[in-house]
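Report on one structure; see the data block that follows.
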Amino acid sequence: MKQGISFVRKQGAMETLIIIAFLMTALAIPMITFLPVFAKNVFHQSAGTYTLFLVASGLGSITGALTVAALGNVENKGRIALSMLVALGAGITAFSLSTSVAVSCIVLFLSGGVLMCAFAMISSLVQLITPNDMRGRVMSVYNVAFRGGMPFGSVTTGWLVPIFTAPTVLSVNGLVLVSLGAYF
């Protein structure tokens, strides 16, 4: 792990990809985590609406994964990943501001798709720019950042939701993702 971190720190692009992976999961995964809050407190619906939200997001994720697989090895993976990051942020913001269950399901479907596209492109970039002898160590560092962002983002969002409301916090998460994608 120490060698992986040392290697990543020496590679500017690699360090940026790992930071983006951490922030992407920290800011995007809370949308899925807080779907029950939206179903119950925002839309004043039952568990069936929560299920509908999960199905829409899951179908979008499957569609996104199949799309990336069908595309194969494409050029400009970095630009595609950043475009997907911007689209994901816009989708999270749109979902958090939506007042319609149907519109929310459509946005969740699209967000699930771009989420998988962004994940796949960033993971591919990390693996492609890493030499064979360092790939396992670097992927370990990447996975710690990638998976570490999920609980960190959910805990932080969970702490902020009672203060600012779920739609407000997720809107800000989405806008930060848009800004992150635009910046890089």
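The values are calculated or read from the model by the stated rules, or taken from the named source; none is laboratory data. The structure displayed is predicted, hence computed values, not measured ones. Ideal geometry is used to build each Cβ from the backbone, glycine not excepted, and the neighbour counts take in all protein chains shown. We work out accessible area using only protein heavy atoms, side chains counted, and drop any ligands, DNA or RNA first. Shrake-Rupley method; radii C 1.70, N 1.55, O 1.52, S 1.80 Å.
Do we have Ala90 as within 16 Å of Ser171 (Cβ to Cβ), at pLDDT 95 or above and under 17 Å from the mean Cα position of the chain (by Cα) here?
yes
Scanning region 110-138 for residues that are part of a helix (DSSP H, G or I), more than 25 Å from Thr33 (Cβ to Cβ) and either open to solvent by less than 60 Å² (accessible area, probe 1.4 Å) or among the β-branched types (Val, Ile, Thr) (or both) yields Ser124, Leu125, Met134, Gly136, Val138. From Val103, Val74, Val107, grab the single residue that is closer than 22 Å to Leu52 by Cα, of a type in the set (A, V, I, L, M), out of contact with any Leu (no Cβ under 6 Å at 6 or more places or on another chain) and without any contact (Cβ under 8 Å) to a residue 12 or more places away in the chain. Criteria check complete, one pass: Val103.
Within region 151-184, the set of residues being part of a helix (DSSP H, G or I) and among the polar types (S, T, N, Q) comprises Ser154, Thr156, Thr157, Thr168, Ser171, Asn173, Ser179. Taking region 53-109 as the range and being small (Gly, Ala, Ser), farther than 24 Å from Ala39 by Cα and not in a helix (DSSP H, G or I) as the test, only Gly72 passes.
When Phe7 is tested against (1) open to solvent by less than 60 Å² (accessible area, probe 1.4 Å); (2) under 20 Å from Ser171 (Cβ atoms), just one condition goes unmet, and that condition is (2). Pairing residues of region 159-184 that are without any contact (Cβ under 8 Å) to a residue 40 or more places away in the chain with residues that are assigned to a helix (DSSP H, G or I) and open to solvent by less than 20 Å² (accessible area, probe 1.4 Å), at Cβ distances under 6 Å and at least 6 apart in sequence or on separate chains, gives Leu160/Val169.
Candidates in region 140-157 are the residues that are open to solvent by less than 30 Å² (accessible area, probe 1.4 Å) and either aromatic (Phe, Trp, Tyr) or without any contact (Cβ under 8 Å) to a residue 60 or more places away in the chain (or both); of these, the one that is farthest from Ser96 (Cα to Cα) is Tyr142.
Every condition in (1) closer than 17 Å to Phe146 by Cα; (2) among the small types (Gly, Ala, Ser); (3) open to solvent by 30 Å² or more (accessible area, probe 1.4 Å) holds for Ala102 except the one numbered (1).
Residue by residue through region 28-81, note down the ones that are of a type in the set (D, E, K, R), open to solvent by 30 Å² or more (accessible area, probe 1.4 Å) and closer than 22 Å to Ser124 by Cα.
So in region 28-81, the residues of a type in the set (D, E, K, R) come out as 40, 75, 77, 79.
Okay, now just the ones that are also open to solvent by 30 Å² or more (accessible area, probe 1.4 Å), so 40, 75, 79.
Result: Glu75, Arg79.
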